[in-house]
Amino acid sequence: TASRFVFFLTGYIIYFVLGRFLLTPEQFGLYGIIIALFTTINMIIVNAIQQTVSKFVSERKELEEEIKRTTLKLQFAISAVFAVSFVLFAPLIAFLLNDLTLVLLIRLSSLIFFSHPVFAIFGGCLNGLRKFKKFAVLEISYSLLKMVLVIGLVYFGFSVLGAVAGF
């Protein structure tokens with residue numbers, strides 16, 4: 001419960017600080033489009049990986065390292081497909097969204113496909129091993145780090161690129 005609270009609170013802080021103080025309405029809109037575009041696909045990947053790893057690790061605790069290693073390899077292949085697709089189709093996606101300035105941001109966001117599933121794998125292992133406290137600490141750390149990076153990179157002048165990179 002605490003980790004979910006921190007997750008939602010830091011998300012709100014990111015949106016409040018970026019939207020009210022650090023980005024123009026146009027820049028904030030660009031950030032929102034990129035995060036929405038990425039999040040829609042990523043939530044499916046991250047949730048599926050985390051639940052699958054948790055299930056298999058809870059059933060066979062002695063195979064945790066093998067499950068983690070195999071899932072990391074599979075995740076890398078899946079993430080590579082999505083990341084390359086984002087890079088290659090960024091101009092088309094930006095065209096369909098009627099804003100060609102989104103191309104660079106879409107391409108930058110493709111890197112997120114590699115970091116979030118890794119987090120899901122390790123979180124799934126902790127969950128499967130019933131190490132809920134460590135899992136909560138991992139989620140809280142992730143939320144706080146993301147908030148600091150997103151707001152910090154924008155504050156130090158990296159604008160929307162910094163916000164996406166920090167995410």
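In the context of the full set of protein chains, the chain has a per residue accessible area of 58 Å² (1.4 Å probe). The alpha carbon centroids of the stretch 56-90 and the stretch 114-161 are separated by 17 Å. Stretching the chain fully between Leu100 and Val137 yields a gain of 9.4 nm (0.36 nm per residue, less the alpha carbon separation).
From the Cα gyration tensor of the chain, with a ≥ b ≥ c the square roots of its eigenvalues, which class applies: rounded if a/c is under 1.5, or else prolate if a/b is larger than b/c, or else oblate? In terms of gyration-tensor shape, oblate. Straight-line reach from Lys55: taking Cα to Cα under 17 Å and skipping same-chain neighbours fewer than 8 places apart, the aspartates and glutamates in range are Glu64, Glu65, Glu66.
Measuring nothing but protein heavy atoms, the accessible surface of the chain at 1.4 Å probe radius is 72 percent carbon and sulfur. Shape of the stretch 1-93 from its Cα gyration tensor (a ≥ b ≥ c, root eigenvalues): rounded if a/c is under 1.5, otherwise prolate when a/b > b/c, or oblate? It comes out oblate by the Cα gyration axes.
The values are calculated or read from the model by the stated rules, or taken from the named source; none is laboratory data. Predicted model only: the values in this text are computed from it and were never measured. Keep in mind that these areas ignore ligands, DNA and RNA; they rest on the heavy atoms of the full protein, side chains included. Shrake-Rupley method; radii C 1.70, N 1.55, O 1.52, S 1.80 Å.
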